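The values are calculated or read from the model by the stated rules, or taken from the named source; none is laboratory data. Everything numeric here is computed off the predicted structure, so don't read it as measured data. Because the Cβ atoms are built from the backbone with ideal geometry, glycine has one as well, and the counts that use them run over all protein chains shown.
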Amino acid sequence: MKDLYYVLMKNNLGNASTCRKLIKQGKITVNGEVIKDHKYPVKFSDQIIYQQTILKAQPFTYIMLNKPKGYICANHDLKYPCVIDLITNKDCYCLGRLDKDTTGLLILTDDHSLSKKLLLPSNHVIKKYLVEIQKKITNNLKEVFLQGIIIDHNIKCLPAEFEMIDDFHCYLSISEGKYHQIKKMFKSLDNEVVNLKRIEFGSLKLDERLKEGEFRDLTNQEILSLL
């Protein structure tokens, strides 16, 4: 749920100061009642009215994209195609970037308040990946990953959860997002990542009906799970 003043801002009623003032002056009603608390938590079902105009209680965009290879997580680039070119709302940005050759679940939104909650390592949001590696897995690496892999010579990663699928495929779940982290983790184990696909981000799972390059809006339930 978002604070009332923030929802007003996204309805283009002004900056934070202006919207707080409108609320304090009693010019905003929610479900027929004047609300003067600018931090009132807005629900999707709320009816917000300003000057006889019904405002959007959920004015933000939340998109799930099945990212294809070859696209970078940026809004503009002179060399490579960008994931923003695949969606209709060009005001969105990527939450948790994926490498150019990594595929799978990508969240795009214009709700900048989500960044801190979902991306800070201290918040331990789990990202799960399907990993294909070059060399055969010779033993169970569960304990190795739980102890924390050393990358870049002296940087110890947080514990990760390893789940073996077969000799060349596994699931790996991490709670941080260092540059090329999963590739470096396997390189430290004298192996190479051939294909990498993100399949989960926190409580959100990749919709298997989405082909690479396809996207859809998140459902209200999926949005609430992220907020």
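Can you pull out the residues in region 184-227 that are free of Cβ contacts under 8 Å to residues at least 60 places away in the same chain and under 20 Å from Glu132 (Cα atoms)?
Of everything in region 184-227, those that are free of Cβ contacts under 8 Å to residues at least 60 places away in the same chain and under 20 Å from Glu132 (Cα atoms) turn out to be Lys184, Met185, Phe186, Lys187, Ser188, Leu189, Asp190, Asn191, Glu192, Glu208.
Do we have any residue at all in region 39-54 that's under 25 Å from Leu196 (Cβ atoms), touching a residue at least 40 places away in the same chain (Cβ under 8 Å) and buried (at least 19 other Cβ atoms within 10 Å of the Cβ)?
Within region 39-54, the subset under 25 Å from Leu196 (Cβ atoms) is none.
No, there is no match, as no residue in region 39-54 is under 25 Å from Leu196 (Cβ atoms), touching a residue at least 40 places away in the same chain (Cβ under 8 Å) and buried (at least 19 other Cβ atoms within 10 Å of the Cβ).
Among the residues of region 153-182, how many are over 23 Å from the mean Cα position of the chain (by Cα), more than 23 Å from Ser122 (Cβ to Cβ) and of a type outside the set (Asp, Glu)?
Result for region 153-182: 5.
In the set Glu176, Glu222, Glu143, which member is outside the structural domain of Cys92 (by TED's automatic domain parsing), closer than 24 Å to Met64 by Cα and of a type outside the set (Val, Ile, Thr)?
Glu176
What residue, of Leu146, Leu210, Leu172, Leu158, is part of a strand (DSSP E or B) and of a type in the set (A, V, I, L, M)?
Step by step, each of Leu146, Leu210, Leu172, Leu158 is checked, and only Leu172 is part of a strand (DSSP E or B) and of a type in the set (A, V, I, L, M).
What is the number of the single condition among (1) over 10 Å from the mean Cα position of the chain (by Cα); (2) over 18 Å from Ser225 (Cβ atoms) that Ile126 does not meet?
Just one mismatch for Ile126, condition (2).
Restricting to region 41-79, what's the tally of residues that are under 29 Å from Phe201 (Cβ atoms) and part of a loop (DSSP other than H, G, I, E, B)?
Looking only at that region, the number is 21.
Of the residues Glu161, Glu176, only one is closer than 19 Å to Leu105 by Cα, modelled with pLDDT of 95 or more and surrounded by 14 or more Cβ atoms within 10 Å (Cβ to Cβ); which?
Every option except Glu161 fails the conditions.
All but one of (1) part of a helix (DSSP H, G or I); (2) out of contact with any strand residue (DSSP E or B) (no Cβ under 7 Å at 6 or more places or on another chain); (3) touching a residue at least 40 places away in the same chain (Cβ under 8 Å) hold for Asp85; which doesn't?
(3)
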